[in-house]
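Student: One structure, as structure tokens, below. Some questions next.
The values are calculated or read from the model by the stated rules, or taken from the named source; none is laboratory data. These numbers come from a predicted model, not from an experiment. Here Cβ is always computed from backbone atoms with ideal geometry, including for glycine, and neighbour counts include all displayed protein chains. Protein only, heavy atoms only, side chains kept; ligands, DNA and RNA dropped before computing areas. Shrake-Rupley method; radii C 1.70, N 1.55, O 1.52, S 1.80 Å.
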Amino acid sequence: MINFEEELKKFHPSLEVEDAADAIYNQDLTDVADILVKMVKETQVEEE
């Protein structure tokens, strides 16, 4: 039978995964709130 505690002790995260996580977290991503703010600003400029 598999001893999960022993298997977890052997586990080491892949460096590729850590590198990918760093790249993802360091990006300045646009979220829905940013898009809504931009749309409101554009609407205000068109109305003026």
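Student: Based on Cβ point charges of +1 for Lys and Arg and -1 for Asp and Glu, what charge dipole magnitude is obtained for the chain about its Cα centre, in debye rounded to the nearest 20?
Tutor: The calculation lands at about 220 debye.
Student: Per DSSP H run of n ≥ 4, the term is -39500 (n - 2.57); total these for the chain, divide by its residue number, and report the mean residue ellipticity at 222 nm rounded to 500 deg cm²/dmol.
Tutor: Calculated mean residue ellipticity at 222 nm is -21500 deg cm²/dmol.
Student: Taking the Cα atoms only, what angle lies between the long axis of helix 15-25 and the longest principal axis of the chain, rounded to 10 degrees?
Tutor: 20
Student: Could I ask something else about it? Counting only protein heavy atoms and a 1.4 Å probe, tell me what percentage of the chain's accessible area is made up of carbon and sulfur.
Tutor: Roughly 59 percent of what the probe reaches on the chain is carbon or sulfur.
Student: Select from the chain those chymotrypsin sites (Phe, Trp or Tyr not before Pro) which occupy a DSSP coil region and have at most 15 other Cβ atoms within 10 Å, ordered by residue number.
Tutor: PHE11
Student: Averaged per residue, what accessible surface does the chain expose to a 1.4 Å probe, in Å²? Spell out each step's value before the answer.
Tutor: Details: 5160 Å² over 48 residues.
Here the residues of the chain average 108 Å² of exposed surface.
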